[in-house]
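Asker: Just dropping this structure here.
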Amino acid sequence: MISDCVFCKITAGQAPAKKLYEDNDVIAFHDINPQAPVHILVIPRKHIRNLLYVDEKDALILSKLIMVATMMAKEQKIAEKGYRIVINTNRCAGQSVDHLHIHVLGGRIMSWPPG
Ligand code: 5GP
Ligand code: ZN
């Protein structure tokens, strides 16, 4: 738990979030500033800064994050038409919260390449 990390606060129940799923390792909740009709964040409870800070011991957490992202896409009914998962890493890629998170986006047509 990093005391000034907003996502650590959400995992600890110290900041509000519209949670959709949680287990011992992973939490999923609605993004506060959605960029698509469906925009969910899937995060580990453990504070990992970003993909560059994942080590071998985190392999199970990483696979759980992806599986929960898939579960969210199915539950939100965006799986069949198409959805995107995004992990921004460092500032030029758009990472603004330094706690690893997967964006699950869908419900509209996505452009490619991303901006
Ligand atoms: P990043 O820009 O780091 O890839 O994504 C961070 C995401 O977290 C953004 O989409 C932003 O809207 C979302 N976000 C930031 N603070 C909060 C918060 O307090 N609650 C929720 N639900 N989402 C947040
Ligand atoms: Zn954190």
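Asker: Among all residue pairs at least 6 apart or on different chains, which show Cβ distances below 6 Å where the first residue, located in the range 70-86, is closer than 18 Å to His101 by Cα and the second is in a helix (DSSP H, G or I) and open to solvent by less than 50 Å² (accessible area, probe 1.4 Å)?
Answerer: So the pair list comes out as Tyr83/Ala73; Ile85/Ala69.
Asker: Looking only at the range 9-28, how many residues end up being within 14 Å of ligand 2 (Cβ to nearest atom), in contact with a strand residue (DSSP E or B) (Cβ under 9 Å, 6 or more places away or on another chain) and open to solvent by less than 30 Å² (accessible area, probe 1.4 Å)?
Answerer: Number of matching residues: 4.
Asker: Which is within 16 Å of ligand 1 (Cβ to nearest atom) and either open to solvent by less than 40 Å² (accessible area, probe 1.4 Å) or assigned to a loop (DSSP other than H, G, I, E, B) (or both), of Ile40, Ile109?
Answerer: Testing whether each residue is within 16 Å of ligand 1 (Cβ to nearest atom) and either open to solvent by less than 40 Å² (accessible area, probe 1.4 Å) or assigned to a loop (DSSP other than H, G, I, E, B) (or both) leaves just Ile40.
Asker: Output the qualifying pairs, or none if there are none: Cβ atoms under 7 angstrom, residues six or more apart or on different chains, first residue in the range 1-12 and among the basic types (Lys, Arg), second residue modelled with pLDDT of 95 or more and open to solvent by 20 Å² or more (accessible area, probe 1.4 Å).
Answerer: Sorted first by the residue in the range 1-12, then by its partner, the pairs are Lys9/Ala15.
Asker: Do we have Gln76 as under 16 Å from Phe29 (Cβ atoms) and modelled with pLDDT of 95 or more here?
Answerer: For Gln76, the condition - under 16 Å from Phe29 (Cβ atoms) and modelled with pLDDT of 95 or more - is met.
Asker: Is at least one residue of the range 47-61 under 18 Å from Met1 (Cα atoms), more than 16 Å from ligand 2 (Cβ to nearest atom) and either among the small types (Gly, Ala, Ser) or not in a loop (DSSP other than H, G, I, E, B) (or both)?
Answerer: Looking for residues that are under 18 Å from Met1 (Cα atoms), more than 16 Å from ligand 2 (Cβ to nearest atom) and either among the small types (Gly, Ala, Ser) or not in a loop (DSSP other than H, G, I, E, B) (or both), one finds at least one in the range 47-61, hence yes.
Asker: Inspect all residues belonging to the range 47-62 and state whether any of them is surrounded by 14 or more Cβ atoms within 10 Å (Cβ to Cβ), free of Cβ contacts under 8 Å to residues at least 24 places away in the same chain and not charged (D, E, K, R).
Answerer: Scanning the range 47-62 turns up at least one residue that is surrounded by 14 or more Cβ atoms within 10 Å (Cβ to Cβ), free of Cβ contacts under 8 Å to residues at least 24 places away in the same chain and not charged (D, E, K, R).
Asker: Does the range 34-47 hold any residues that are more than 12 Å from the chain's Cα centre (by Cα) and closer than 17 Å to His99 by Cβ, and which are they?
Answerer: Lys46, His47
Asker: I need a count of the residues in the range 79-102 that are within 16 Å of ligand 2 (Cβ to nearest atom) and open to solvent by less than 50 Å² (accessible area, probe 1.4 Å).
Answerer: Number of matching residues: 9.
Asker: Do you know which residues across the range 63-78 are outside any helix (DSSP H, G or I), more than 13 Å from Tyr21 (Cα to Cα) and open to solvent by 40 Å² or more (accessible area, probe 1.4 Å)? Give the steps one after another, and end with the answer.
Answerer: Within the range 63-78, the first condition is being outside any helix (DSSP H, G or I), and the residues that meet it are 76-78.
Then keep just the ones that are more than 13 Å from Tyr21 (Cα to Cα); that gives 77-78.
Lys77, the sole residue that qualifies.
Asker: Quick check, is Ile32 free of Cβ contacts under 8 Å to residues at least 24 places away in the same chain and in a strand (DSSP E or B)?
Answerer: It is false that Ile32 is free of Cβ contacts under 8 Å to residues at least 24 places away in the same chain and in a strand (DSSP E or B).
The values are calculated or read from the model by the stated rules, or taken from the named source; none is laboratory data. What you see is a predicted model; the values in this text were computed from it and never measured. Backbone-built Cβ (ideal geometry, glycine too); neighbour counts: all protein chains shown. Protein only, heavy atoms only, side chains kept; ligands, DNA and RNA dropped before computing areas. Shrake-Rupley method; radii C 1.70, N 1.55, O 1.52, S 1.80 Å.
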